[in-house]
Amino acid sequence: MRKDLGPKPAVYPMPVLMVATYDENGTVDVMNAAWGMICDSDAISLSLTETHKTVKNLKKTKAFTVSLADVKNIEAADFFGIASGNTMADKFERSGMTATKSERVNAPIIEEFPITMECELAEIIETDNVYNIIGKIVNVSAHEEILDESGKIDIQKAGILIFDQFKAGYYVTGEKVGQAWQSGKELAK
Ligand SMILES: Cc1cc2nc3c(=O)[nH]c(=O)nc-3n(C[C@H](O)[C@H](O)[C@H](O)COP(=O)(O)O)c2cc1C
């Protein structure tokens, strides 16, 4: 038997994205965003509420960075989704984290997060509920210690958080159970 649950964004897992921006005075803000995904080989789409400080900032600076949060930084990552730069002037300072200006875009890189995409604002698509922010990814940087011998990101080493939007839990990457383009190969023969 199946039970209807009504219209819901029923996707799992969701990412735990850390969107970092500067305001007009160079103050760093970071927010937590689960509603985001790549939408081209060099583009990312984020669905953000218009009133967030982050949205105000990126409309002015035309840039942002998006990092993948890891379990080591779970407290700060969640805090970035609770507090707003609109009402807490020292939001980023309270996290105790370190920001360095990107050399490519007008946005901060948060050093403690292991994987970061540097993005130029490409487009904003307004819907009834959210702003879909499209960013052109101009660079990705990662902590050296999470790279394998061939220089690829080894997700098992990184402790990247994932989000369960049904019950609001954070999880870490689990056990590897298959290999894409291999696990279904028998049926394709
Ligand atoms: C787990 C989690 C996921 C979130 N995902 C989103 C999201 O996808 N889009 C959004 O607009 N807000 C999202 N939020 C809420 C913002 O992070 C939150 O409102 C934050 O205070 C905005 O910060 P800012 O005003 O400094 O930009 C999320 C919060 C949490 C805790």
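The values are calculated or read from the model by the stated rules, or taken from the named source; none is laboratory data. Given the structure is predicted, the values throughout are model-derived calculations rather than measurements. Virtual Cβ from ideal backbone geometry, glycine too; neighbours counted across all protein chains shown. For accessibility, only protein heavy atoms count, side chains too; no ligands or nucleic acids. Shrake-Rupley method; radii C 1.70, N 1.55, O 1.52, S 1.80 Å.
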Could you pull out the residue among Asp29, Asp78 that is of a type outside the set (Ser, Thr, Tyr), within 19 Å of Val172 (Cα to Cα) and surrounded by 14 or more Cβ atoms within 10 Å (Cβ to Cβ)? Asp78
Exactly one of (1) under 26 Å from Ile82 (Cβ atoms); (2) open to solvent by less than 100 Å² (accessible area, probe 1.4 Å); (3) more than 14 Å from the chain's Cα centre (by Cα) is unmet by Glu118. Its number? (3)
Selected residue (only one of Ile155, Ile146, Ile134 is surrounded by 12 or more Cβ atoms within 10 Å (Cβ to Cβ) and free of Cβ contacts under 8 Å to residues at least 24 places away in the same chain): Ile155
Would it be correct to say that Asp164 is without any contact (Cβ under 8 Å) to a residue 12 or more places away in the chain, farther than 15 Å from Ala20 by Cα and either open to solvent by less than 50 Å² (accessible area, probe 1.4 Å) or of a type in the set (Asp, Glu) (or both)? no
I want to confirm something. Restricting to segment 167-189 and keeping residues that are open to solvent by 70 Å² or more (accessible area, probe 1.4 Å) and of a type in the set (Phe, Trp, Tyr), which single residue is farthest from Asn32 (Cα to Cα)? Trp181
Subset of segment 100-115 [within 16 Å of the chain's Cα centre (by Cα) and closer than 21 Å to Glu24 by Cβ]: Ala107, Pro108, Ile109, Ile110
Selection from segment 15-49 of residues that are of a type in the set (Asp, Glu) and either closer than 11 Å to Thr65 by Cα or touching a helix residue (DSSP H, G or I) at 6+ places or on another chain (Cβ under 9 Å) (or both): Asp23, Glu24, Asp29
Take Ala89 and decide whether it is surrounded by fewer than 20 Cβ atoms within 10 Å (Cβ to Cβ) and under 18 Å from Glu24 (Cα atoms). yes
